[in-house]
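K.L.:
Take this structure, written in C-alpha cells, and hold onto it; I'll ask about it next.
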Amino acid sequence: MTNYVDLSHPLRTGMPGYPGDPTVEFASALTIASDGVAVERLSLGSHAGTHLDAPAHAVRGGRTVDAIPLDRLIGDALVLRAVAAADQRIGPADLAIPATLPGIVCIATGWDAHFGTAQALRHPVVTLELAETLWARGARVLALDTLSPDPTAQPAQGLPVHEYWLGRDGVLVENLRALAQIPDAVELSLVPLRLAGVDGSPIRAVARVG
C-alpha cells in the first residue's frame, strides 16, 4: 500500500520565518455571508515556511522558480541522517554518503522540532566541503529540515553554500519536517507555485512511501 507523508510546515498568519523576511498574514477578502464565496488575501514572502530557493535567490540572472524543470523536483531521493547539535558544522565525515547520489538529497538533523522557537536560529549548518562532495556525487537538489544550510545565528559568516549550490544552477529546499518518518530511499515531490520571474516559492513537500 502506498502512503504519503507531508513534509511541509503549515503556513499560517504570524508564523515565524527567516530573520528579516516578510511576515505571513492571511485576511478575509470575501466571505460567503457577504459575497457568496470565501476568498483569502495572502501576504507572505517567497521563502515562507517550507520552501524552495531558485538560483535567482543568490545569483544575478539566475534561473527563476517557474523555469526549474519539474523532473528535477520529483523523483528518487536519499535521506542522509546526522546527529547534530546547535551550530554544528556538518561535514562529509559526519554522514554515510554513497559514491553515487540521486538528484535529490535530504539532510535530516531533527531540527524541525525547533521550528518556530528561538533555538531554530541555532540550527546545524552544511560545510562548503560537504556541499562540494554532494554535488560531485550527483545531487542537484539539496533539502534540509533547517532554516538554511548556512548559519542564521551568525549572518556575518555569509552564505557560502547558497552561493556554491545556486551558482551551479542547483536548487535548495529549506524547512522540511518529519524526515524521521520516511525511509532513507524514498520518492519525493518538491513542487513550487509557478511564480513567473520569482526567486523562490513555498512548496508542498510530499514523500511517497511504499
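The values are calculated or read from the model by the stated rules, or taken from the named source; none is laboratory data. Quick caveat, the model's predicted, so the values are computed rather than measured. Glycine also receives a Cβ, built like all others from the backbone with ideal geometry; neighbour counts cover every protein chain displayed. Remember, those area values only see protein heavy atoms, side chains included, never the ligands or the DNA or RNA. Shrake-Rupley method; radii C 1.70, N 1.55, O 1.52, S 1.80 Å.
K.L.:
Could you tell me the distance between the Cα centroids of segment 161-194 and segment 112-153, to the nearest Å?
P.N.:
10 Å
K.L.:
Multiply the residue gap between PHE26 and THR100 by 0.36 nm, knock off their C-alpha separation, and tell me the result in nm, one decimal place.
P.N.:
Once the chain is fully extended between PHE26 and THR100, it gains 22.3 nm.
K.L.:
Can I ask one more? From the convex hull of the Cα coordinates of segment 143-192, what is the mean projected area in square nanometres?
P.N.:
Over every viewing direction, the Cα hull of segment 143-192 projects on average to 4.5 nm².
K.L.:
Ok, one more. Ranked highest first by the average count of other Cβ atoms within 10 Å around their residues, in what order do 171-181, 93-103, 116-126 fall?
P.N.:
The peptides rank, most packed first, as 171-181, 116-126, 93-103.
K.L.:
With the convex hull built on the Cα atoms of segment 1-64, state its orientation-averaged projected area in nm².
P.N.:
Result: 7.8 nm².
K.L.:
Using a 1.4 Å probe on the protein chains only, how many percent of the accessible area of segment 165-210 belongs to carbon and sulfur?
P.N.:
Whole-percent figure for carbon plus sulfur exposure: 48.
K.L.:
Expected output is a single nm value to one decimal: the length gained when fully extending between ARG41 and MET15, i.e. 0.36 nm times separation in residues minus the C-alpha distance. What is it?
P.N.:
Value of the extension gain: 7.8 nm.
K.L.:
Provide the percentage of antiparallel DSSP beta bridges, counting only those with both residues in the chain; round to the nearest 5.
P.N.:
Here the antiparallel bridges make up roughly 65 percent for the chain.
K.L.:
Calculate, for the chain, the solvent-accessible area per residue in square angstrom, rolling a 1.4 angstrom probe over the heavy atoms of the protein chains.
P.N.:
I get 48 Å² per residue for the chain.
K.L.:
At a Förster distance of 45 Å, what's the computed FRET efficiency of VAL209 paired with ARG60, Cβ-Cβ distance as r, to 0.05?
P.N.:
It comes out at approximately 0.70.
K.L.:
Another question, then. Taking the radius of gyration and the Kirkwood hydrodynamic radius from Cα positions alone, what is the Rg/Rh ratio for the chain, to two decimal places?
P.N.:
Ratio of gyration radius to Kirkwood radius for the chain: 0.98.
K.L.:
Once the piece of chain linking THR117 and GLU163 is laid out straight, how much longer is it, given 0.36 nm per residue of separation minus the C-alpha distance between them?
P.N.:
So the extension gain works out to 13.9 nm.
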